Each structure stands twice: as structure tokens, then as C-alpha cells.
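Heads up, the thing below is written out as C-alpha cells.
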Amino acid sequence: MARKVILLGKGELAIRIAEWFRHDPEYRLQHVVPVIPEPDWTDSLMEWCTAQGVPYVESGHYRDIPCVRADNWCIDLAFSVFYDKIFPPWFIEKAKRFLNLHNGPLPRYRGVSPINWALKNREIMHGTTIHEIIPEIDAGPIVAQVCYNIYPEFDEVRDVYHRALEYGYTLFEQTMPVLDHVTPKPQNEAKATYYSKQDGARLEDRRDFTKALSR
């Protein structure tokens, strides 16, 4: 029997991953929960759902998934791709497995704007991570990770972001067929770093997709 999936997120990468689930016979994409309002700088996940006939939650909130509060409601897999809300324990427990794709090399760069901060900090390597979701932000055990070069002397945030989408999809595509055989590894808390929305002002000329936009 196909495993039921809920996808939560936004943009081009979420669409590519939703498309993968839609075509893989081992999974059934039951609902999509888009980020609302959808950003205008990336492809619309809602438009994709409408075109493909995939049910989606118009409010963009996980609590509005049909029947999600029922005692017997559960999902085989919930997968988050740049979703914008923190998941409470009651919702996490509704999924037999709950994974997140994060645009950072966890345990470093937890939280928001990981690419912006990596460039601000003049890193020369960055990464993408698939990890289990737990109540703490971006702190769950790591399922898979890929690291790649970045170039703070000339890379804009948008350059690394588009690079990250390609690495992220490759990581997802290569991880899913072996997911049941992977033992997630706990993160090293001694190496963890975290940035919140309140830290955003310190990004200065790395706040936006390009330095010019941040001026």
C-alpha cells in the first residue's frame, strides 16, 4: 500500500519534490500545505496543485489540514521544504516520520536565512540537510547532508540560493530510495549556531537576494 504524504512548503524546490511524490508508486501525495502568502519571487506551489489536481490547504496552516485534530488521524510521512511555521509537538506526533529540508549545514546555521548568514560570515563552504523534525528548531537528527563551495567575494545570495535548490533536490532524490535503511545521526550541539528573524538587521548588505537590493 502506498504511503500517505503531506508536503509543506514553498517555491520551486517544493514543487519538484511534490512532483516526485506524485509519480512515485510507493507514495501518495494526500495534501499540500503552501506558505501563504506565497512569495512572488518563486514559482507558485498553489498553482501547481491546481494544475495537477492535488488537494491543498488554502490558509497555508497545518492546523487546517482536513481532520488533522481527529484522534485517529495520522500520516506516514510529512515533508517540509522551507515552510514558515514552527510545528508543535501534537502535530509532529501525527506523523510516523517527519522530515525537513534545511538550506544549511546543520548543526551550523539553524534558524532563518542560513545562506545570507553564511555569506555574511564569509564562509567558503555551505550545505543542505535533511533532518528529522523535533520540537526544537532545526535540531533533529540528521538523515542526509551535502556540502558545496560558495564564494563570498562574488556570490550573491540569489546565486547560492539557486545552487542550493539543485543540491537540495539531488540530495532528496538520492536519499528517498534508501530512507528506510538510514539511521539518523544526532546533531553535535557543541557546534550548533542559530539565527532568528530578530538578528536580521545585522545582515546589512546580505539582507536581500543581492547587495544592491539591500542598500
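Relative contact order of the chain, taken over Cα pairs closer than 8 Å and 6 or more residues apart, is 17 percent. Measure out, as a whole number of angstrom, how far apart the alpha-carbon centroids of region 122-197 and region 37-76 sit. Between the Cα centres of region 122-197 and region 37-76 lies a distance of 24 Å. Taking 7 Å steps out from each Cα toward its Cβ at E26 and M1 produces label points 1.8 nm apart.
Between I137 and K191, how high is the FRET efficiency from 1/(1 + (r/R0)^6) when r is the Cβ-Cβ distance and R₀ = 22 Å? Nearest 0.05.
Details: r = 16 Å, r/R0 = 0.71.
So the FRET efficiency works out to roughly 0.90.
The simple spin-label model puts a point 7 Å past each Cα toward its Cβ; for E19 and A51 those points are separated by 0.8 nm. Counting only Cβ charges, +1 for Lys and Arg and -1 for Asp and Glu, the dipole size of region 3-214 around its Cα centre is about 480 debye. With a Cα cut-off of under 17 Å and a minimum spacing of 8 residues unless on different chains, the lysine pairs in the chain number 7.
Restricting to DSSP H runs of at least four residues, report the calculated mean residue ellipticity at 222 nm for the chain, -39500 (n - 2.57) per run over all residues, nearest 500 deg cm²/dmol. Mind dumping the intermediate values first?
Details: 6 runs with 55 residues, N = 215.
Calculated from helices alone, the mean residue ellipticity at 222 nm is -7500 deg cm²/dmol.
With each label modelled as a point 7 angstrom along the Cα→C-beta vector, the N149-R63 pair spans 4.8 nm. The chain: percent of C-alpha pairs farther apart than 20 Å? It works out to 58 percent of all Cα pairs.
Every read-out reported here was derived from the displayed coordinates using simple, explicitly stated rules and does not represent laboratory data. Since the structure is predicted, the reported quantities are computational estimates derived from the model, not experimental observations. Cβ atoms come from the backbone with ideal geometry, glycine included; neighbour counts cover every protein chain shown.
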